[in-house]
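Note sheet for the following structure.
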Amino acid sequence: MLSDLTFREAQIWVQADSEASVRVEYFDENNPKNTHFTSKVLTEDSSAHTANLILSKVEPGIQYRYRIELNGEILKPYYSFTSPVYFHEKAPPPDVKLALAGAHYNLDGPFEPPYSKYGGAYSIFQKIYEEKPDLMLWVGNTAHIRESDQDSRSGYLKRYTKARDGIKPNALLAEIPHYAVWSSGDYGSLDSGREMSLKATAQAAFINFWPKSGSVVHQDALCYSHKISDMELFFLDSQSQRDSNNNPSKIPEIFSSQQIAWLKQALIESKATFKLIVSGAPILNPSKEKKNFSFSEIEKAQLLEHFKTHKIEGLLFVSGGSYKGELTRIVHSSFYSFHDLTVGPSTASPLDSDSELNFFRIPGTNTFERQYATIEVYGEETDRKLKMTVFNLAGVELWSRIIGQRELTANEDKNDA
């Protein structure tokens with residue numbers, strides 16, 4: 001899997017069947033004789049024989065080919081990727097397309113309940129690959145930890161291995177950079193939070209399979225950011241800092257003050273046209289269910305007020321951890337509207353109906369079928385557009401919306417109601 005891609009570095013995630021020495025051979029397609037190799041890594045049982053390999057000879061705007069060397073043997077086939085074009089102070093930002101996957105559930109016979117089928121329709125990954133996105137986001141519940149997995153390191157690693165094995169074609173993983181956040185299905189039970197006994201094990205397992213998620217090393221939470229074109233993505237950990245027990249003497253928290261402080265400062269420093277906040281918990285849905293940020297009512301109110309006070313422009317919320325899809329919008333009288341694109345399940349089973357009272361939902365966006373989404377950013381440098389589109393399993397468009405750069409500006413005199 002292409003686990004990270006920036007102007008001057010790429011990272012390739014590999015999983016072997018057993019202990020092995022692995023490295024990556026790679027080269028510029030226009031200069032195939034100048035071959036580079038990453039450092040060798042010895043895979044270990046303690047990390048499910050995974051390795052994350054650093055391609056340090058990458059330069060901007062070049063197409064590279066690569067393949068894996070396993071125990072000294074070069075494996076087939078070659079895969080390819082193109083590093084981002086360096087445009088800053090040289091050219092307008094390039095147009096980009098992101099693909100978004102919702103909840104992924106890979107069936108595992110011995111651990112499935114009788115007479116129920118919680119996963120299927122894995123052909124959706126082929127449809128996503130055919131979109132040829134520049135980047136792919138996994139917005140929560142990427143593995144679905146079972147009861148059998150929650151009490152051991154081996155259980156977590158086996159479940160992540162099984163989930164990853166269900167993603168085909170291989171080129172989807174190998175040629176497109178992938179970034180993820182987790183929801184309760186990747187962490188533990190629904191009510192699990194910061195005091196979960198195997199919290200460190202759950203975090204380590206997620207990082208083993210989604211390496212970029214552990215990149216902000218001073219944080220106890222799995223939060224991080226990534227830039228592409230004139231977008232910046234901020235990934236939030238909605239699980240390991242959660243304190244949502246029904247204790248009347250404590251105020252519920254979903255993200256924690258430390259993680260929110262990181263987000264606030266990162267947004268103030270960001271120069272991106274569009275700033276996407278990605279979370280495994282729906283942010284704007286007003287329903288106070290534990291899976292939603294609204295369960296932590298005070299924490300949510302303070303964060304949204306901060307965005308307005310500091311005039312953070314270009315915000316879009318993207319969320320998962322849900323088994324239905326919707327677009328939520330909060331309209332402000334003297335600030336721009338906030339939107340939250342909640343992506344429903346991709347291979348997990350969707351809900352049949354919705355009893356949740358989301359009075360901020362935009363009519364026509366409530367979807368109860370397997371789906372994926374794309375976000376495209378395009379247009380003139382001073383008038384960029386962001387287009388959200390949701391597709392069903394067959395690749396048929398369910399709905400789409402376009403939001404202009406100017407609609408996400410902090411103008412206290414405007415009324416967009």
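The values are calculated or read from the model by the stated rules, or taken from the named source; none is laboratory data. Everything numeric in this text was worked out from a predicted model, so none of it was measured. Glycine gets a Cβ as well: all are built from the backbone with ideal geometry, and neighbour counts include every protein chain shown.
Given the options 60, 94, 84, name the one that is more than 30 Å from residue 141 (Cα to Cα) and surrounded by 15 or more Cβ atoms within 10 Å (Cβ to Cβ).
None of the others qualify; the one that does is 94.
Scan the stretch 118-138 and report the pairs whose first residue is assigned by TED's automatic domain parsing to the domain that holds residue 178 and whose second residue is in a helix (DSSP H, G or I) and modelled with pLDDT of 95 or more, with Cβ atoms within less than 6 Å and a gap of 6+ or a chain change.
Once the first residue is assigned by TED's automatic domain parsing to the domain that holds residue 178 and sits in the stretch 118-138, its partners that are in a helix (DSSP H, G or I) and modelled with pLDDT of 95 or more give 125/172; 129/172.
If residue 133 satisfies every condition in (1) assigned to a loop (DSSP other than H, G, I, E, B); (2) surrounded by fewer than 17 Cβ atoms within 10 Å (Cβ to Cβ); (3) modelled with pLDDT of 95 or more but one, which is the exception?
Answer for residue 133: the failing condition is (2).
Residue under question is residue 83, and the condition is that it be within 24 Å of residue 182 (Cβ to Cβ) and either out of contact with any helix residue (DSSP H, G or I) (no Cβ under 6 Å at 6 or more places or on another chain) or free of Cβ contacts under 8 Å to residues at least 40 places away in the same chain (or both); does it hold?
No.
Filter the stretch 5-52 for residues that are in contact with a helix residue (DSSP H, G or I) (Cβ under 8 Å, 6 or more places away or on another chain), surrounded by 16 or more Cβ atoms within 10 Å (Cβ to Cβ) and assigned to a loop (DSSP other than H, G, I, E, B) and give the result.
48, the sole residue that qualifies.
Going through the stretch 192-209 one residue at a time, which ones are of a type in the set (A, V, I, L, M, F, W, C) and in contact with a helix residue (DSSP H, G or I) (Cβ under 9 Å, 6 or more places away or on another chain)?
Correct list: 196, 198, 202, 204, 205, 206, 207, 209.
Looking at this structure, is residue 186 in contact with a Phe, Trp or Tyr (Cβ under 8 Å, 6 or more places away or on another chain), touching a residue at least 12 places away in the same chain (Cβ under 8 Å) and acidic (Asp, Glu)?
On the way: in contact with a Phe, Trp or Tyr (Cβ under 8 Å, 6 or more places away or on another chain): yes; touching a residue at least 12 places away in the same chain (Cβ under 8 Å): yes; acidic (Asp, Glu): yes.
Taking the combined requirement at face value, the residue satisfies it.
If you take the residues of the stretch 227-251 that are without any contact (Cβ under 8 Å) to a residue 60 or more places away in the chain and in contact with a strand residue (DSSP E or B) (Cβ under 6 Å, 6 or more places away or on another chain), which of them is farthest from residue 204 (Cα to Cα)?
232
If residue 256 passes every condition in (1) surrounded by fewer than 21 Cβ atoms within 10 Å (Cβ to Cβ); (2) at positive phi but one, which one does it miss?
Result: residue 256 passes all but (1).
Determine whether residue 232 is of a type in the set (D, E, K, R) and in contact with a Lys or Arg (Cβ under 6 Å, 6 or more places away or on another chain).
When the stated conditions are applied, residue 232 passes them.
Might you let me know whether the stretch 31-51 holds any residue that is outside the structural domain of residue 181 (by TED's automatic domain parsing), small (Gly, Ala, Ser) and without any contact (Cβ under 8 Å) to a residue 12 or more places away in the chain?
Within the stretch 31-51, none of the residues are outside the structural domain of residue 181 (by TED's automatic domain parsing), small (Gly, Ala, Ser) and without any contact (Cβ under 8 Å) to a residue 12 or more places away in the chain.
Could you check the stretch 199-236 and list, in sequence order, the residues that are assigned to a helix (DSSP H, G or I) and buried (at least 18 other Cβ atoms within 10 Å of the Cβ)?
If we filter the stretch 199-236 for residues that are assigned to a helix (DSSP H, G or I), which is where we start, we get 199-209, 211-214.
Within the stretch 199-236, 199, 201, 202, 203, 205, 206, 208, 209, 211, 212, 213 meet the criteria.
Among the residues of the stretch 260-298, write down those that are among the β-branched types (Val, Ile, Thr) and crowded, with 18+ Cβ neighbours inside 10 Å.
Scanning the stretch 260-298 gives 260, 273, 277, 278, 283.
Just to be sure I understand, how many residues within the stretch 317-352 are among the β-branched types (Val, Ile, Thr), more than 19 Å from residue 234 (Cα to Cα) and assigned to a loop (DSSP other than H, G, I, E, B)?
2
Only one residue in 268, 298, 260, 283 is more than 24 Å from residue 227 (Cβ to Cβ) and assigned by TED's automatic domain parsing to the domain that holds residue 395. Which one? Reasoning before the result, please.
Details: 268 fails: more than 24 Å from residue 227 (Cβ to Cβ); 260 fails: more than 24 Å from residue 227 (Cβ to Cβ); 283 fails: more than 24 Å from residue 227 (Cβ to Cβ).
Unique residue meeting the criteria: 298.
Looking at the stretch 350-401, which of its residues are more than 21 Å from the chain's Cα centre (by Cα), under 30 Å from residue 87 (Cα atoms) and crowded, with 20+ Cβ neighbours inside 10 Å?
Residue satisfying the conditions is 384 alone.
Taking only the stretch 87-130 into account, find how many residues are small (Gly, Ala, Ser), outside any loop (DSSP other than H, G, I, E, B) and farther than 14 Å from residue 370 by Cα.
Number of matching residues: 2.
Please verify whether residue 301 is surrounded by fewer than 18 Cβ atoms within 10 Å (Cβ to Cβ), in contact with a strand residue (DSSP E or B) (Cβ under 7 Å, 6 or more places away or on another chain) and among the hydrophobic types (A, V, I, L, M, F, W, C), treating the condition exactly as stated.
no
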